[in-house]
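Report on the following structure.
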Amino acid sequence: MTKITESFELYGKEYTFTTGEVAKQATGAVVVTQGDTILLVTAVVSKERKDYDFFPLTVDFIERMYAVGRIPGGYLKRESRPSDKGTLTARMIDRPVRPGFPDGFKNEVHIVATTLSADQSNQPDVISIMGASAALLVGGVPFDGPAAGVRIGRDRNTGEFIVNPTFQEEENSDLELTLAGTPDCITMVEAGADEISEEDMLAAMTFGQKVIGEFCAIQQRFIDRVAPEPKVYPLDVPVAEVAERVAPYYDQMTTALSDADKASRIAKVDELKDEVKATFSDDERAVWGKEIAAQLKALEKKAMREMVLNSGERVDGRSATEIRPITVNPGYLPRAHGSGLFTRGQTQVLSVLTLGMLNEWQRLDTIDPAPGKRYIHHYNFPPYCTGEVGRMGAPKRREIGHGHLAERALVPVLPAEDDFPYTIRIVSEVTESNGSSSMASTCGSTLALMDAGVPIKRPVSGIAMGLIKEGERVAILSDIQGLEDFLGDMDFKVCGTERGITALQMDNKAKGLTVEILAAALAQAKEGRAFILGKMFDAIQTPREDLSEFAPRIISIKVPVDKIRDVIGSGGKIIRGLQEDTGATIEVQEDGTIYIASRDTGGEEAKRRIEAIVKVPEIGEEYYGSVVGIQAFGAFIELLPGKDGLLHISRMANGRVGKVEDVLNVGDEVHVKIIEIDERGKVSLDRLDRPDAPASSGSHESFSDRPPRRDYDRNSGGDRKPRRRH
């Protein structure tokens, strides 16, 4: 294949598709660029059809640190497991691409998007969706494309939408909406927002659908120039005889599904399936085993969907808008900094919050310009939560994705770092699951934040919406359970406060998802969110006034930048001493901000000492100081840590003092007042609690009649070099 390039400009950004130059042994390969961000996206389809009961698609997003001119951190200095951002981007590619393959396609497909260059301005994730679509089409794969992804931002000042905003443009955007799909259908939505209205979100989605169509049109123009030869792959075709023998059990399947308890319903459905399988001979089961299972699953899907569309009643007896019973328990764990147990039906999540110093933030070793984050949300989905046996290990892609959604939903309501100088980590433990555990973790995490006393702007709740669509018949379902997610057409998660939306996530399998359906789903979700918030308010209305007794108290103070050295000391001696003496943890920032954390009064003592270190004495101030040095002409008094003043012998007592030791000794405490500070910062003192000079003191050689010396150093013995005269 010869090299073919398609360059174009849309909405002020420059893009390029190139094929026929690199990775020519892949089924299809395309280099896609936006600005100087460059990705190689390859697609390979196996030659053999696999005997799987699922479509074997794998998507990998590879972040190479050379793309931003950095060497990976860590001991190995090599990229290892994908970052969370890499995992989320792989999911972002997978979700809109997967529905584009024909039913029965069982050849393995591997899509790899490798970041070759990242200009730290143009983001690589959404253009990789276009690259995946183009790579499949260039390779002649039977894919229902072209498909594209776009990110929509909105300028806070003008309200104008921004297409594929740069990292810099996103800083002034109150919306980050990522959509993917074809010119006719949105298949995937991800969004984070600063409490924007349903109407504004719908307008952004409508605009995004239009933009997707424009990108797809240009992509099709590129594919037409390539003119790939279509490849033919065998497809699994349903066996008519199996479908005919399974179909008569429709009514029995409907009855088996009509059980609100998940475990009981699954048992009844499995019992019916075993009964149907028994009607086939051993030879038939050996030949048609996977086909029988597929037809029974199709029967279950049909029965569930028809039940909703025909009667308006769901498998657990709820109406389309009804939400399962909710139980809210903030403060579930006595020693945690904050916790919340949220239960909705047979879904339950325990969210636990921990507060830490800002230096405990998560540092990100990725190609994105963001160095790290102070709010961390982790989501765990152990096998026991669905009554299953499984291996426990590193978080899977689903767990990372669900944790990211809950994190994104809560970020807009968190207090600013200056107002609440803590790193915040929440772990959501899914203890029971039957649908929408990510939304339960959002609600549970809100409870944990409020229980911990974190001053969030407003509480956030979340709800998962579903869709059943057969032709013109449509049912929108609130608070879907697992079966409705698996057998339905849409999983639409909406999070927000009483003021507006903070996060969205949608996967759609239905063709012809109209703006009217999306509008209805958003309106129904708003009602559901309000209902859930009401249940949460019944348990806790506002963040608690005080932090947990087990949480660190963090005090922040600001010192002049030129005083940072005084606080740290030579080799860190001063700050180490402060931490050892007070038991507080002290963190010094480059701008002079100092954070002091402790669980007792040590923090206040550390603050007092630091303020004393950086304080600049002023004329007229009074101090109670200790004598730290004695010379023939006077005594040096420590006013503040590291700051001394000279009390001249003539000001130590009433009357003549012949020798300093007649009146003062090292370690004595005296009450003094600053009477002069010269241009070099030398401090002269007067004693306010003067005693009468001893009668014998005047017989000694005295300096009392001499004027105070300005050029002194307590460590030099008072000696000066003579000034050179010219």
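The values are calculated or read from the model by the stated rules, or taken from the named source; none is laboratory data. Keep in mind that what you see is a predicted model, and the values were worked out from it rather than measured. Here the Cβ positions follow ideal geometry from the backbone for every residue, glycine too, while neighbour counts run over all protein chains shown.
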Where the second residue is modelled with pLDDT of 90 or more and surrounded by fewer than 19 Cβ atoms within 10 Å (Cβ to Cβ) and the first is under 30 Å from I568 (Cα atoms) and in the same structural domain as K573 (by TED's automatic domain parsing) and lies in region 642-660, which pairs have Cβ atoms under 6 Å and are six or more apart or on separate chains? none
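Listed here are the residues, each with its yes/no results for (1) in a strand (DSSP E or B); (2) under 30 Å from T582 (Cβ atoms).
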| residue | (1), (2) |
| --- | --- |
| E484 | no, no |
| F492 | yes, no |
| R499 | no, no |
| D507 | yes, no |
| F531 | no, no |
| D538 | no, no |
| D546 | no, yes |
| S556 | yes, yes |
| D566 | no, yes |
With out of contact with any His (no Cβ under 6 Å at 6 or more places or on another chain) and at pLDDT 90 or above as the only criterion, which of E618, E676 stands out? E676
From the residues in region 247-257 that are closer than 12 Å to K302 by Cα and surrounded by 17 or more Cβ atoms within 10 Å (Cβ to Cβ), which one is farthest from the chain's Cα centre (by Cα)? Y249
When you look at G602, is it under 28 Å from D418 (Cα atoms) and buried (at least 17 other Cβ atoms within 10 Å of the Cβ), yes or no? yes
Quick one: which of K290, K297, K302 is within 25 Å of G488 (Cβ to Cβ) and touching a residue at least 60 places away in the same chain (Cβ under 8 Å)? K290
Let me confirm something: among I463, I456, which residue is outside the structural domain of R91 (by TED's automatic domain parsing), surrounded by fewer than 24 Cβ atoms within 10 Å (Cβ to Cβ) and modelled with pLDDT of 95 or more? I456
Taking the residues in region 634-657 that are crowded, with 19+ Cβ neighbours inside 10 Å and either among the polar types (S, T, N, Q) or assigned to a loop (DSSP other than H, G, I, E, B) (or both) as candidates, determine which candidate is farthest from the chain's Cα centre (by Cα). V657
Go through (1) at pLDDT 95 or above; (2) among the β-branched types (V, I, T); (3) over 25 Å from G488 (Cβ atoms) one by one and return the number of the condition T366 breaks. (1)
Evaluate region 331-343: report whether one residue or more is surrounded by fewer than 18 Cβ atoms within 10 Å (Cβ to Cβ), in contact (Cβ under 8 Å) with a residue 24 or more places away in the chain and not assigned by TED's automatic domain parsing to the domain that holds N122. yes
Hits in region 258-283 (condition: within 18 Å of A298 (Cβ to Cβ) and among the acidic types (D, E)): D270, D274, E275
Flagged pairs (Cβ under 6 angstrom, 6 or more apart or on separate chains; first in region 101-114, not assigned by TED's automatic domain parsing to the domain that holds V126; second hydroxyl-bearing (S, T, Y)) are none
Based on this model, can you work out whether G435 counts as buried (at least 20 other Cβ atoms within 10 Å of the Cβ), of a type outside the set (F, W, Y), at pLDDT below 95 and not in a loop (DSSP other than H, G, I, E, B)? no
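Report yes if T187 is in a strand (DSSP E or B), at pLDDT below 95 and polar (S, T, N, Q), otherwise no. Walk me through it before giving the result.
Values: in a strand (DSSP E or B): yes; at pLDDT below 95: yes; polar (S, T, N, Q): yes.
Yes; evaluated as a whole, the condition is true for this residue.
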